[in-house]
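The values are calculated or read from the model by the stated rules, or taken from the named source; none is laboratory data. Note that the coordinates shown come from a computational prediction; the quantities given were computed from them, not determined experimentally. Neighbour counts are summed over all protein chains in view; Cβ atoms, including those assigned to glycine, are modelled from backbone coordinates with ideal geometry.
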Amino acid sequence: MNKTIKIALAGMLAASSVSGVALAQSAMAPMADDGVSIVRIDSLNQDSTRSQFRELELKATDTAGVQEAQAEVQADPAIVSALAEQNLQLSFVVDVQTAANGGKIVYVR
C-alpha cells in the first residue's frame, strides 16, 4: 500500500510541474525572432495561472534573486533590446527562465 501511495504522489508532483510550464507558455506572448518572450506578471493573475502568479510575486520580494535575474538580463543584448522595444526598464525584471527551445522567458512587474 505504501508503494502505491508513493508512486501516486510522485506522479502527481511530476504532472503538476509540467502543467505549470504549459500554463506559463499559454499565458505569454509568442517568442520573438530573437528568442525572447516577455511576460507581465499581472497577466498571470487568472484562475488557470494563479499559482505561477503567486510564485512570481514571492520571487519579486527576494532582492538577491531579482538582482541575479537583472544581472542575467544585462549580460544578454537580445533581452536588453526586447525590453527597450516594450519601453520596460531593467528594474521591472523579476525572473528569467530558459524555455524548452533555448529562448529566454523574462517575467516583469
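Numbers for the structure displayed
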{"read-out": "Residue match in region 70-80 (condition: touching a Phe, Trp or Tyr at 6+ places or on another chain (Cβ under 6 Å) and not aromatic (F, W, Y))", "value": "no"}
{"read-out": "Any hit, region 8-16, residues being modelled with pLDDT under 90 and on the phi > 0 side of the Ramachandran plot", "value": "no"}
{"read-out": "Index of the failed condition, A71 passing every other in (1) part of a helix (DSSP H, G or I); (2) in contact with a strand residue (DSSP E or B) (Cβ under 9 Å, 6 or more places away or on another chain); (3) modelled with pLDDT of 95 or more", "value": "(2)"}
{"read-out": "Qualifying residue in region 83-97 (condition: assigned to a helix (DSSP H, G or I), over 19 Å from G35 (Cβ atoms) and among the polar types (S, T, N, Q))", "value": "yes"}
{"read-out": "Cβ-Cβ under 8 Å pairs, at least 6 apart or on other chains, region 34-62 side touching a residue at least 24 places away in the same chain (Cβ under 8 Å), far side loosely packed, with under 15 Cβ neighbours inside 10 Å and not in a helix (DSSP H, G or I)", "value": "G35/N101; G35/G102; S37/A29; S37/P30; I38/A29; I38/Q86; V39/A29"}
